[in-house]
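This report refers to the structure that appears directly beneath it.
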Amino acid sequence: MTRNRVFLALVLASTLIVLIGLLRPDAMRTVSREKWFWTWKTHSDRKFDVVFVGDSRTYRGISPESMTDILQGIRILNFGYSSGSLSALMLGEAERRLDPAGRRIIVLGVTPSSLTPRAARDEQYRQEKNRTSSEIIENLYLSPFLTYFDPTTPIRFFEEIGSRKARFREAFYESGWVAGWKEPAGPPGSIGVFANDFTGNAVSPMLVDNVLRQTEAWTREGIRVYAFRPPTSPEMTDLEKRLSGFDEETFRQRFTRAGGVWVDVARAGYRSYDHSHLDKESAETLSRLVAEIIGRSMGEPLVFPAQDSVSPSPGAARPGGV
Amino acid sequence: MPFNSIIFLVFAALFFALWPLAKRTDNGRWVTITAASLVFYGWWDWRFIFLLLGAGLNDYATARAMAAWPSWKRWFLVASLAGNLGSLSVFKYAGFIAENVGLLAAAAGHPVDLMSKLPAFTLILPIGISFFTFQSMSYTIDVYRGHMKPVTNLFHFFAFLSMFPQLVAGPIVRARDLIPQLAVRRDTTEESRWEGMKLVAGGYFKKVVIADNLAPFVNTAFAAVPAPESSLYWWLAVGAFAFQILFDFGGYSDIARGLAKWMGFDFLVNFNHPYTSTSLREFWSRWHISLSTWFRDYVYIPLGGSKKGEARGHVNMWLTMVVSGLWHGAAFHFLAWGAVHALFLSAERITGWPEKLKKLPGGSVLALAAVLFQVLIAWVFFRAQDMAQAFAIIGTMLEFNSRTGFPTTEAFKVGVLYLSVGLAMELFHFSRLDARKWFSPTVYRSVEVATVAVLITFSVFLRGPGMQFIYFQF
C-alpha cells in the first residue's frame, strides 16, 4: 500500500471519472459543445449568402436550419453574440462573412439592447476573437472529444438528478443558432432581472445613425439589407418601450428610407422561456416566417415542407453543434 | 502555458517521461530544465523569451563580474538593478507613468500626450515579469552581500531562473535555496512523490474548482452597472474574491511545489492559511510568504527595518507596503491596497490590540474576525477597477444596511457555495482539527489516497469556467 499511493490514487480517480462520466445525465455535457460553437462561429472562414447579426435574441431566435428548409440551397449564418450590438465592428464582421459571389444579404436583428453603448463593447465577440491560437485549436479540434469530461456545478447536478423544477436545455448548431427550451415547458419567472439593463444605458443615437449609414452604403454596393425586431414577451416589449429610448416606428421609417427592407414578424403565439428569448419551437416558427418574407422579396423559389419535418430535433444536433 | 490547460498536461507528461534520464548528469539536468522552461514560457509569446534571457544574462554576468573585480562590485550591482528595474518600468509602469505625468502636466496648464508616444511593446505586460525579475535580482544581491558564490555554468543559472513550475507566478525561490539543490542529482522517494501528488491534486482543486467557480460571481459583482446597494451582497462578493485570490494563487503555488517535488526539489510554503491569522502581522507571515520575505530582506531591512526607532520603523513599513502594492500593478488602487494594509499594521503596532483582544474570552475568534474585516476592506482596493468604485463598495459594506433584492443568479449561488467551502477549509485549520488523529496510520493512508482521488475527480467534473491565474498579470 505504502509503495503505490500515487498509482492507487490515479487508478481510483480514473475509475471514479469513468463511472461518473457514464452515469451522469447527458444534459450536463454542454460545455465543450459551447466552446466549439463560439470558436467556430468566430474563427471559421466559411462564406455565406445570408448573415444575421444581432444579440442573443437573434442567435437564439433564428434557426438557419428551419430557414433552409424553405430557402433551399442558400447558405445562412447566424452571427449573433451575447449582449451583441449592431456596432460598426459587428456590421463589418458580418459583411466579411458574405460570399462576394453569393446572394449577399445581411439581416439585422434589431433590439433596443443591441443599440446601446454597453452592448457596443461587444465583449463576448472580442473575448472569442482574442483567443490564443492554442485555445482555438483546443476548442475546435479537441473539444468535440472532451464532452465526456464536461464540468457541472453541484447546484446543476442536484437539479438534474433530483429536482422537479423545470430544467433549461440548449443545443448548439453549426449554423450559429442556439436552441433553448425548458423541460417541462413553463411560463417564465420574474422579469425583474432585466429592469436595470437600460439604467444609464439608453439606445445610442450614434449607433442608430451608424446602422442607417451602413445600410445606405451596403445598398449602394448591392448588398441587400433586411431588419426585424426579434419577438419577445409582452412584458419585455413594454419594459423596453418605457426604459430603452428605442422608437421602433421611427427606426423602421429611417431604415426603409436608407434602402433596407423591414421584415414584420409581429404574430401572436411566440413563446419565451425567460421573457427575452424565444424557445426552440417559436424560434423555428419565426425563422420560417423570416425565410418566407425574405424569399418572396427576393423572388426566390420557396418550399413549404410538412411542419413536423422542418428541422432536426435538438437530440439530432451533432456533437459540438456540428 | 497555464497549468490548467490540456497542452500543459501533455507538456508535463513528456517532461516527466524524460526527466529520469535527463537528471543523471549536471548538464543534462540544467539544459533540460532550461529548454523545457523556455518552451513553457514561450508558449504564451515566443518574444518574451528574449526578455527572460536578457534579465538572466544581466544578472549572471553581473555576479561573475563582481567575483572577478570585487572592488567594483557596488557599481556592478547598481548597473544590474538599473537594468532589472528599468525593464520592469518599461513593461509594467510606462503606461502608468505616462498617463499620470500627462495628467499632472495638464493640471499645470501644459498638456502633453505621452501615452500616444509610447512604443507599442510597452503596452504588453510579459507574463510573470515581476516574479522572474525579483528572483534574478535576489541572486545578484545575495552574491553582492557574500551570501553565495556566483554560478559558473550558464545553464545552471538559467535552470534556477527559468524553472517552469514557479517561473510565472512564484513562489519566488531564492538563489541560495535552489541553486545548491540544482547542483546535485536528487532522487525522489515514494514519500516525496506522494507529497508532490497531494500538492498537485490539492492545488488543482483549489484553482479549478474553488477559485474558478468563485470567479463568475466576483467578476459579475465588480462589473455590475449600477452596482447593487446591498451590504450583504458586497460582503459576500468581497469574501468570494478573498477566497478566489487565495485559492487561485495558493493553488498555483501548491501545483508548483508538487511538480518541484516530482523533480526532486523543495520550494518553501507560500501560503499558510492566511485567513486564520489573529493579527495582521501574522497575516503577512502567512500570505504570499516568498514575496513578503523578499520585501522584508531586500527592502524593509536595508531601509533600517525597525531598528532605527519606532517612527522610522513605521515609515519603512509604509514604504515597503506601498512598493509591494505597486509591485502588484501599475494603478493607484494597488498602491492604496498597500497603504491601507500599512495603516492597519501601524494601528496594530501602536495599540497592540491583537494581544489585548486575545486575552478576553473568545478573544482569538474576535481577533480572527477583526483581521478578516481589515483584510476584506483592503481587498476591495485590490480588486476594484478604480478608486471611485472601491470607495463606493466600501461605503455600501460599512452601511450594514438590510437591503436585499440583488440578483441571485446561478453564478451567485455557485459563488456562495464555494465561498462556504473555502471558509470551511480555513476554519478546519483554525480549529486545529487533525484528521490524522481520527484514524489509525494504515487507515489514514487509505483515506489520503481516496481523498486525492476524489480531489482529482472533482477537478475534472466540478471545474469552473477556465480562467487565467490571477497572479500571471503581476
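The values are calculated or read from the model by the stated rules, or taken from the named source; none is laboratory data. Quick caveat: nothing in here was measured; it's all calculated off a predicted structure. Glycine gets a Cβ as well: all are built from the backbone with ideal geometry, and neighbour counts include every protein chain shown.
Determine, yes or no, whether B:Val39 is touching a residue at least 24 places away in the same chain (Cβ under 8 Å), under 29 Å from the mean Cα position of the chain (by Cα), surrounded by fewer than 18 Cβ atoms within 10 Å (Cβ to Cβ) and in a helix (DSSP H, G or I). Yes, satisfied. Take the residues of segment A:205-258 that are of a type in the set (Asp, Glu) and closer than 23 Å to A:Ser272 by Cβ: which is surrounded by the most Cβ atoms within 10 Å (Cβ to Cβ)? So the residue we want is A:Glu240.
Here A:Gly176 fulfils each of the conditions (1) away from every other protein chain (no Cβ under 14 Å); (2) under 22 Å from the mean Cα position of the chain (by Cα); (3) assigned to a helix (DSSP H, G or I) apart from (3). Residues considered: B:Val143, B:Val173, B:Val184. Of these, the only one that is within 19 Å of B:Thr34 (Cβ to Cβ), hydrophobic (A, V, I, L, M, F, W, C) and touching a residue at least 40 places away in the same chain (Cβ under 8 Å) is B:Val173. For segment B:409-453, a tally of residues being within 28 Å of B:Asn219 (Cβ to Cβ) and either hydroxyl-bearing (Ser, Thr, Tyr) or facing another protein chain (nearest Cβ under 8 Å) (or both) returns 7.
Selection of segment B:383-416 for residues being without any contact (Cβ under 8 Å) to a residue 60 or more places away in the chain and crowded, with 16+ Cβ neighbours inside 10 Å yields B:Ala390, B:Ile394. Could you tell me whether any residue of segment B:309-329 is over 19 Å from B:Val371 (Cβ atoms), outside any helix (DSSP H, G or I) and in contact (Cβ under 8 Å) with a residue 12 or more places away in the chain? Yes, that holds for at least one residue. Can you find even one residue in segment B:375-390 that is assigned to a helix (DSSP H, G or I), modelled with pLDDT of 90 or more, under 30 Å from A:Ser134 (Cβ atoms) and within 10 Å of chain A (Cβ to nearest Cβ)? No, every residue in segment B:375-390 fails to be assigned to a helix (DSSP H, G or I), modelled with pLDDT of 90 or more, under 30 Å from A:Ser134 (Cβ atoms) and within 10 Å of chain A (Cβ to nearest Cβ).
Need the failing condition index for B:Ser80 against (1) surrounded by fewer than 19 Cβ atoms within 10 Å (Cβ to Cβ); (2) assigned to a helix (DSSP H, G or I), just the number. With respect to (1) surrounded by fewer than 19 Cβ atoms within 10 Å (Cβ to Cβ); (2) assigned to a helix (DSSP H, G or I), B:Ser80 is out only on (1).
Could you please give the count of residues in segment B:1-10 that are away from chain A (no Cβ under 11 Å) and either in a loop (DSSP other than H, G, I, E, B) or under 19 Å from B:Ile127 (Cα atoms) (or both)? Counting residues in segment B:1-10 that are away from chain A (no Cβ under 11 Å) and either in a loop (DSSP other than H, G, I, E, B) or under 19 Å from B:Ile127 (Cα atoms) (or both) gives 2. Of all residues in segment B:372-395, how many are among the β-branched types (Val, Ile, Thr), more than 16 Å from B:Gly325 (Cβ to Cβ) and under 20 Å from the mean Cα position of the chain (by Cα)? Final tally of qualifying residues: 0. Residues that are loosely packed, with under 14 Cβ neighbours inside 10 Å and part of a helix (DSSP H, G or I) within segment B:101-111 comprise B:Val101, B:Leu103, B:Leu104, B:Ala106, B:Ala107, listed in sequence order.
Only one of the numbered conditions (1) without any contact (Cβ under 8 Å) to a residue 24 or more places away in the chain; (2) outside any helix (DSSP H, G or I) is not met by B:Ser116, and that is (2). Across segment A:41-63, the qualifying residues are those that are more than 12 Å from the chain's Cα centre (by Cα) and part of a loop (DSSP other than H, G, I, E, B), and the one among them that is surrounded by the fewest Cβ atoms within 10 Å (Cβ to Cβ) is A:Asp45. Number of residues in segment A:183-206 that are within 14 Å of chain B (Cβ to nearest Cβ) and more than 29 Å from A:Lys280 (Cβ to Cβ) equals 4. Residues that are modelled with pLDDT under 80, over 23 Å from the mean Cα position of the chain (by Cα), away from every other protein chain (no Cβ under 14 Å) and within 23 Å of B:Phe461 (Cα to Cα): does segment A:154-163 have at least one? The answer is yes; a qualifying residue exists.
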